[in-house]
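The values are calculated or read from the model by the stated rules, or taken from the named source; none is laboratory data. Not measured: the values here are computed from a predicted model. Backbone-built Cβ (ideal geometry, glycine too); neighbour counts: all protein chains shown. Quick note on the areas: whole protein, heavy atoms, side chains included, nothing else; ligands and nucleic acids left out. Shrake-Rupley method; radii C 1.70, N 1.55, O 1.52, S 1.80 Å.
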Amino acid sequence: MADATAPAAPVTTSAHGGSPELQHQFDTVDQQREASSFGMWVFLVTEILFFGGLFLAYTVYRHTYSQAFAEASRHLDITLGTFNTAVLIVSSLTMALAVFSAATGRRKAIVVFLLATMALGAVFLGVKAVEYSHKFHDHLVPGPSFHFPGPDARPAEIFFSLYFTMTGLHAVHMVVGIGLLTALVLQARKGRYTPEYHTPVEVCGLYWHFVDIVWIFLFPLLYLIGRHIH
Amino acid sequence: MSAVTVPPTTEPVAPPRVHYLNSRYGLKSWLLTRDHKRIALLYLASVTVFFFIGGLFALLIRLELLTPAGDLVQSETYNKLFTMHGIVMIFFFLIPSIPAVLGNFFIPMMIGARDLAFPRLNLLSWYIFVVGGLFTLWAVVHGGVDTGWTFYTPYSTTYSNSYVVVTAIGIFITGFSSILTGLNFIVTVHTMRAPGLTWFRLPLFVWSHYATSLIMVLGTPVVAVTILMVGVERLFHLGIFDPKLGGDPILFQHLFWFYSHPAVYIMVLPSMGVVSEIVTTFSRKNIFGYKFVAFASIAIAVLGFLVWGHHMFVSGQSVYAGMIFSILSFLVAIPSAVKVFNWTATMYKGSISYRTPMLYAFGFIGLFTIGGLTGLFLATLGVDVHVTDTYFIVAHFHYIMVGGAIMGYMGGIHYWWPKISGKLYPEGWARFAALVIFVGFNLTFFPQFVLGYLGMPRRYHAYPEEFQVLNVMSTAGASILGIGYLLPLIYLFWSMRYGKAAPANPWGSTGLEWDTPSPPPTENFAVTPVVRGEPYHYSHEEVEIVG
Amino acid sequence: MAQHVVPRKVYFAVFTALIVLTATTTGVSFLDLGPWNTVVALGIAFLKATLVVLFFMHVRYSPRLTQITIAGGLFWLAILIALTLSDFMTRGWLPTLQKLGP
């Protein structure tokens, strides 16, 4: 396997004069960037399966209780839901522009766009908090105080269980995302990100876009089921 | 490719002055290490502790089953014993063992790298493992869980009075340790192979860990979200699996087994990788059908995801789904059989030496075959209806998990012990222990096949009189098995202090990990190796093995 | 990730498309298309997700490995859903079995 007599490839580490951002286990900055990006994609695959379990539960119960789900869905606020969807889409734009700024050396713009993304994320969470409090007042939170008018109370309770679990898990991911962006802002302000090295910005961008995509699916599946039925 | 003679270094060489074990001292240098080799040892210590805790529960189970009456513990306590035995052994020993110990230690070395792709993530994944384990141990100490390791709803969500949520949190957390390890391995193998090391020059140990990592990454998140749903249902009275609210407990089972069946391949695939390394070394022969074995690992990982419904044949699942899962379950046996044939063909006309690792490999091949064949009986819908939830199932999975996976683990620990510790273990004691384990194992679990076939149900602390003789045999076997496992604990520790110094390559094995001193330096290779040939390129010359 | 820098006008075009599609999906949901409502809603969602993946996440300019990884994840989710539904949707086929639900 290893040919002892042939000259071996030289070991390149940061101690040998590579970029200061180069970690010791990698040979080149390109290899490091490739590994980081691929690593984030593998992580996003795990997230697809993680949310996927909930989407399965949703699919099974929607198939079984289609009418009750449609009725329960009408109790969600479509205006706030649509607004929130738009908010996240804008935040994905600002995130993409933050990566663009890093790749083109616009240091101040990186911070501006990252902050904008965070602000939009906070708006999204604020709106969700408002929606949750409305549901609480309307006795639509599953548990002892749940009360749904009509004969379909039981499957409606399942709908709301899934609503809170899925949007709640999504919200937790948003909070983590805002945390990651905070860390990025702090580094960006120190001028850490350059066209040659901005992998953390790219990689966090991937995460943020993924969380947006989850909402892109949650919105129609939760809010838009029974709007055409009156 | 040329046939190169790789003679072992015959004189015991003094270990290098500075290596990964003595390069830095102190607790912080271990607890904050980023060296994959030190992290592997941190895992080794942790999984060993959990192994003996799980073994303690097994001992109590077998003691209760010495007599037909439920006289040692109450039935509720017995429920907790088999639950905790399953949870600790599966989540805190079997799943992490080979990947986190041997995989962490040797994958970078086998591909000529200085470390894994993400060393800090590697350390984090050990801490996550420990934290999850502590949650579970807290639950154990405060009264345990009694739902079975399978957590079936609605018992786990509504009716059980035990520490379901705490245990669920522990397993949820530890799941992320598994996910991060798998992620790290996948990225490492894709992006950090040495120059010249193409995919088909990788050792089969790496292939089997790559396949295992695919399962870890694709399956674990599903059981994580399922456990989350169970916890949320239990804490907040949300009804997702609750039949009173129109929920379906079978949905839980689908979600649970989607991971838990592939999980058994997480437990056995790494062992198969170890066996490939051992069989080639101790037959001094190239593996028969390298590509078949490599692709068989991937096939097992993929097909393993398509068969989970065979755990649910009697659950109320649709009979049509049952038929689909039954046929697919037959298919997954094929790549496993391919591996067994190929190992056997490797040994044919090889120069076999009966060192301890090879004894464990033999044990694996024989016992895994028995376990696997009985799996075919169980894939047969009609047979499974009769033996499901009996001791036949218990025997089946212990043949694979203990007779297969753990034997592979023990073989790997012994095979690589000289490299890891720089010392040779005492061969006489090691062979004796292997024999004791083999005898103890078969005496414990073979009677259970008969018991199950005769109708003794599992998870019962009392049983009809006519089953006592077989149960006594099983308990006797378990005691012998326990002694067999204690022996390596003792002599391996002993060897760390008093063992003979190990040369770089005591077994005369090919493989990049043997090209470094024993123990290796922190950076593994002073100079990145270049790979020019196939793995397992043994010659036919007579070579004397040291150790 | 590619060194390729995506021009801003591509981002703005994708953004506009996403907003239009969002408005569309909300609007269409009020029309009665029978079973097609679900198909249209999911179709639009897939289209939006594809735009985000290809352009905001740069997959259009990424190595093949990235694309295989994403496809693998989605395929595995499809396995989970399809095989589970193979149970739920065939339960009523045998006349003696009780169907779940109303």
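Things to note:
- B:Gly55 vs. criteria more than 14 Å from chain A (Cβ to nearest Cβ), surrounded by 22 or more Cβ atoms within 10 Å (Cβ to Cβ) and modelled with pLDDT of 95 or more: no
- Any hit, the stretch A:158-175, residues being under 27 Å from A:Arg33 (Cβ atoms) and assigned to a helix (DSSP H, G or I): yes
- Any hit, the stretch B:480-502, residues being within 14 Å of another protein chain (Cβ to nearest Cβ), out of contact with any Cys (no Cβ under 7 Å at 6 or more places or on another chain) and of a type in the set (A, V, I, L, M, F, W, C): no
- Only residues that are under 18 Å from A:Val141 (Cβ atoms) and open to solvent by 20 Å² or more (accessible area, probe 1.4 Å) were counted across the stretch B:243-267, and they come to 2.
- Identity of the residue in the stretch A:27-38, at the interface with another protein chain (Cβ under 7 Å from one of its Cβ atoms) and under 25 Å from B:Pro529 (Cα atoms), that ends up most open to solvent (accessible area, probe 1.4 Å): A:Glu34
- When residues of the stretch C:65-90 are limited to those that are facing chain A (nearest Cβ under 10 Å) and not hydrophobic (A, V, I, L, M, F, W, C), the one nearest to B:Trp257 (Cα to Cα): C:Thr84
- Of the candidates B:Gly382, B:Gly403, B:Gly408, the single residue that is out of contact with any Ser or Thr (no Cβ under 8 Å at 6 or more places or on another chain) and open to solvent by less than 20 Å² (accessible area, probe 1.4 Å) is B:Gly403.
- Qualifying residue in the stretch B:143-154 (condition: surrounded by fewer than 18 Cβ atoms within 10 Å (Cβ to Cβ) and assigned to a helix (DSSP H, G or I)): no
- Scan of the stretch C:21-60 for residues that are small (Gly, Ala, Ser) and more than 9 Å from every other protein chain (Cβ to nearest Cβ), ordered by number: C:Gly27, C:Gly43
- Residue that is in contact (Cβ under 8 Å) with a residue 24 or more places away in the chain, open to solvent by 10 Å² or more (accessible area, probe 1.4 Å) and within 13 Å of chain A (Cβ to nearest Cβ), where the choices are B:Ile215, B:Ile227, B:Ile173: B:Ile227
- Residues of the stretch A:85-143 satisfying the condition of being of a type in the set (Gly, Ala, Ser), open to solvent by 20 Å² or more (accessible area, probe 1.4 Å) and assigned to a helix (DSSP H, G or I): A:Ala86, A:Ala103, A:Ala109, A:Ala116, A:Ala119, A:Ala122, A:Gly126, A:Ala129, A:Ser133
- Subset of the stretch A:104-154 that is among the aliphatic types (A, V, I, L, M), out of contact with any Phe, Trp or Tyr (no Cβ under 7 Å at 6 or more places or on another chain) and touching a residue at least 60 places away in the same chain (Cβ under 8 Å) - its residue that is nearest to B:Leu235 (Cα to Cα): A:Met118
- Search result, residues across the stretch B:286-341 that are within 12 Å of chain C (Cβ to nearest Cβ) and open to solvent by less than 10 Å² (accessible area, probe 1.4 Å): B:Ala301, B:Gly304, B:Phe305, B:Val307, B:Trp308, B:Gly309, B:Met312, B:Ser318, B:Ala321, B:Gly322, B:Phe325
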